[in-house]
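**Student:** Submitted below is the structure of interest, expressed as structure tokens.
The values are calculated or read from the model by the stated rules, or taken from the named source; none is laboratory data. If you're wondering where the values come from, they're calculated on a predicted model, not measured in any experiment. Positions of Cβ are generated from backbone atoms using ideal geometry, with glycine treated the same way; all protein chains shown enter the neighbour counts.
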Amino acid sequence: MPLTISPLPQEQRGNCPAELSFGSVFTDHMFTQEYSPIVDWHNKKISPYHPFNLDPAAAVLHYGQEIFEGLKAYRNIDGGINLFRPLENFLRFNRSAERMVMPTVDPTSHLDVLKSLIDLDKNWVPDQKDASLYIRPAMIATSPKLGLGAAEDYLHFIIMGPVGPYFKGGFEPVSVYIADEYRRAVVGGVGEAKTGGNYAASLYQSELMAKKGFTQVLWLDAIEGRLIEEVGAMNICFVYEGKQIVTPSLSGSILPGITRDSVLTLAPKLGYEVEEAQLDIHEVLKDIRAGSITEVFGCGTAAVISPVGNLSFKGENYLINDNQPGVVASALYDELTGIQYGKREDPFGWIETVE
Ligand code: PLP
Ligand code: COI
């Protein structure tokens, strides 16, 4: 099916603001396409950013049949635009789609329409330091259907917006609360799919702790409440003795983060050892107290590499690296963002340019 592009007249287009926060400003255009079992994907359009007209009985509004992705476009040092490992996002989108009984989207055509959309809105790719264009592909079930079952009709869309750092303090350490009562996802459930319900399940605890000054919640496994899973919007890494990076293995209830995978690939190149392991929270807290864990950091597309300065569990506080960004997190941040912004060599072929 051909892509139809209906651009806004030049004089009605907006500009990228000078001050950027995360996720509240959107570009002039968006991509949409519809799916039905008979026609497959159709009505492929890039059109001005607009609200949807949804039937109040649309399945997504009742049973949460929804998936999304998050990736970024970066203004590179030559003034061009870099995407970071976009096909990984589109492959994960399809894995999430399969888990949520939704149709998949051909990854190459997903990338092609994204490039066309970015090209049209290229003046929105910011050039401020640490800023980028955040890209949010998503799919929702649109069939009006209250009987419980997978929908027939779907809407796939991509919206984009310029963003600054996800956390207000930028690369400053964040304060993390370890959930001891509430759980986010369970093995066998949908934790490894990027679907809205996982995030909805995390809100009650996150909002409660935000009022107490915590930036993020660290989730434990839902069966024993003992194994470390991930943080609200990031995977988590622990640095032992300044040289070994350990992150929870993919249990089935953790999102297989693309930044996590990039850290595991880049760290050995920077001289660090890496390990994926089941991590018991009690052991980890003991290792923080003993000083063998020298740094903790989160990693994710929105959050990039984010040092953790303080963990709190059952009323006890565990200070990490004197609440300062550590050497390992800083080195990984510099290397990763160096590749993303085209300042450092890209030995793994992770960058896809938008021409
Ligand atoms: N874990 C969760 C729950 C997330 O929402 C994210 C962000 O996408 C991540 C981990 C990190 O994944 P990625 O590095 O692919 O952005
Ligand atoms: C991302 O990092 O892209 C995410 O999807 C996390 C989101 C909660 C902002």
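**Student:** Could you check the range 176-189 and list, in sequence order, the residues that are of a type in the set (A, V, I, L, M) and buried (at least 19 other Cβ atoms within 10 Å of the Cβ)?
**Tutor:** So the first thing to find is which residues in the range 176-189 are of a type in the set (A, V, I, L, M), and the list is 176, 178-179, 185-187.
Listed by number, the residues that qualify are 176, 178, 179, 185.
**Student:** Within the range 162-183, can you find the residues that are under 15 Å from the mean Cα position of the chain (by Cα), in a loop (DSSP other than H, G, I, E, B) and hydrophobic (A, V, I, L, M, F, W, C)?
**Tutor:** Correct list: 167 only.
**Student:** While we're here: For residue 209, all conditions in the list (1) farther than 30 Å from residue 56 by Cα; (2) aliphatic (A, V, I, L, M); (3) in the same structural domain as residue 314 (by TED's automatic domain parsing); (4) in contact (Cβ under 8 Å) with a residue 60 or more places away in the chain hold save one; what is the number of the exception?
**Tutor:** The number of the failed condition is (4).
**Student:** Which of the residues that make up the range 217-238 are part of a loop (DSSP other than H, G, I, E, B) and under 16 Å from the mean Cα position of the chain (by Cα)?
**Tutor:** Within the range 217-238, 232, 233 qualify.
**Student:** Just give me the residues in the range 298-310 being more than 10 Å from ligand 2 (Cβ to nearest atom) and touching a helix residue (DSSP H, G or I) at 6+ places or on another chain (Cβ under 7 Å), in sequence order.
**Tutor:** Scanning the range 298-310 gives 305, 307, 309, 310.
**Student:** Please determine, by comparing only the residues of the range 227-279 that are charged (D, E, K, R) and exposed (fewer than 15 other Cβ atoms within 10 Å of the Cβ), which one is farthest from ligand 2 (Cβ to nearest atom).
**Tutor:** Among those that are charged (D, E, K, R) and exposed (fewer than 15 other Cβ atoms within 10 Å of the Cβ), it is 241.
**Student:** Kindly list the number of the only condition in (1) part of a helix (DSSP H, G or I); (2) crowded, with 22+ Cβ neighbours inside 10 Å that fails for residue 285.
**Tutor:** Result: residue 285 passes all but (2).
**Student:** Then there's this: Quick check on residue 320: is it in contact with a Ser or Thr (Cβ under 9 Å, 6 or more places away or on another chain), under 19 Å from residue 216 (Cβ atoms) and in the same structural domain as residue 181 (by TED's automatic domain parsing)?
**Tutor:** yes
**Student:** I want to confirm something. Restricting to the range 239-263 and keeping residues that are out of contact with any helix residue (DSSP H, G or I) (no Cβ under 8 Å at 6 or more places or on another chain) and outside any loop (DSSP other than H, G, I, E, B), which single residue is farthest from residue 348 (Cα to Cα)?
**Tutor:** 248
**Student:** With the requirement that a residue be touching a strand residue (DSSP E or B) at 6+ places or on another chain (Cβ under 6 Å) and at positive phi, what does the range 323-355 give you?
**Tutor:** 323, 342 - these are the residues of the range 323-355 that are touching a strand residue (DSSP E or B) at 6+ places or on another chain (Cβ under 6 Å) and at positive phi.
**Student:** Would you point out which residue out of 97, 151, 138 is more than 19 Å from the chain's Cα centre (by Cα) and either part of a strand (DSSP E or B) or at pLDDT 95 or above (or both)?
**Tutor:** On the way: 97 fails: more than 19 Å from the chain's Cα centre (by Cα); 138 fails: more than 19 Å from the chain's Cα centre (by Cα).
When all the criteria are applied, what remains is 151.
**Student:** So, in the range 46-71, how many residues would count as being aliphatic (A, V, I, L, M), over 11 Å from residue 197 (Cα atoms) and within 16 Å of ligand 1 (Cβ to nearest atom)?
**Tutor:** Residues meeting the conditions: 1.
**Student:** From 38, 46, grab the single residue that is more than 16 Å from ligand 2 (Cβ to nearest atom) and either modelled with pLDDT under 95 or surrounded by 17 or more Cβ atoms within 10 Å (Cβ to Cβ) (or both).
**Tutor:** Being more than 16 Å from ligand 2 (Cβ to nearest atom) and either modelled with pLDDT under 95 or surrounded by 17 or more Cβ atoms within 10 Å (Cβ to Cβ) (or both) holds for just one of 38, 46, which is 46.
**Student:** Inside the range 184-205, can you point out the residues that are within 16 Å of ligand 1 (Cβ to nearest atom) and in a loop (DSSP other than H, G, I, E, B)?
**Tutor:** If the condition is that a residue be within 16 Å of ligand 1 (Cβ to nearest atom) and in a loop (DSSP other than H, G, I, E, B), then 184, 185, 186, 187, 189, 190, 191, 192, 193, 194, 195 are the ones that fit.
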